[in-house]
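Take a look at the structure set out below.
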Amino acid sequence: MGLEKFPILYIYSNMDIQNYMERMIGNLLDGLIKEYPEYRDIEPFKEEVIAFSLNKAEPLYSTTDLGHAVIEARIVDSGFRSKITAIIIEAIEKVRANPRG
């Protein structure tokens with residue numbers, strides 16, 4: 001079944017909207033797993049950690065080149081990165097305390 005049967009979903013599936021937070025959280029989590037051996041046990045639950053983190057962090061969507069540039073400038077800020085890292089660490093601890101499966 002194609003999205004054509006759901007016009008509103010079909011329209012949005014063709015738009016170039018990016019949530020930069022998804023990429024940022026994934027990259028930061030990968031770095032934490034590599035840098036801190038105590039986080040390696042979270043590897044099977046990465047999706048859970050990412051989902052929890054995305055629900056806590058503010059989304060950063062953009063559709064234009066200017067919007068992309070503004071977001072890129074924001075995500076390189078060390079204070080902003082520290083805030084997101086703290087959210088990821090909280091997510092790791094929550095997922096460890098309540099593992100799925």
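When region 27-43 is filtered for residues that are of a type in the set (K, R) and at pLDDT below 90, only R40 remains.
At least 2 residues being surrounded by 15 or more Cβ atoms within 10 Å (Cβ to Cβ), out of contact with any Gly (no Cβ under 7 Å at 6 or more places or on another chain) and modelled with pLDDT of 95 or more is the threshold, and among the helices (runs of 4 or more DSSP H) wholly inside region 44-101 those reaching it are 46-56, 78-97.
Residue-by-condition table, conditions (1) within 19 Å of the chain's Cα centre (by Cα); (2) in a helix (DSSP H, G or I); (3) modelled with pLDDT of 90 or more:
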{"residue": "M1", "(1), (2), (3)": "no, no, no"}
{"residue": "I8", "(1), (2), (3)": "no, yes, no"}
{"residue": "I11", "(1), (2), (3)": "no, yes, no"}
{"residue": "I25", "(1), (2), (3)": "yes, yes, yes"}
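The values are calculated or read from the model by the stated rules, or taken from the named source; none is laboratory data. The structure presented is a predicted model; accordingly, all values stated were derived computationally and were not measured. All Cβ positions, even for glycine, are placed from backbone atoms using ideal geometry, and neighbour counts span all protein chains on display.
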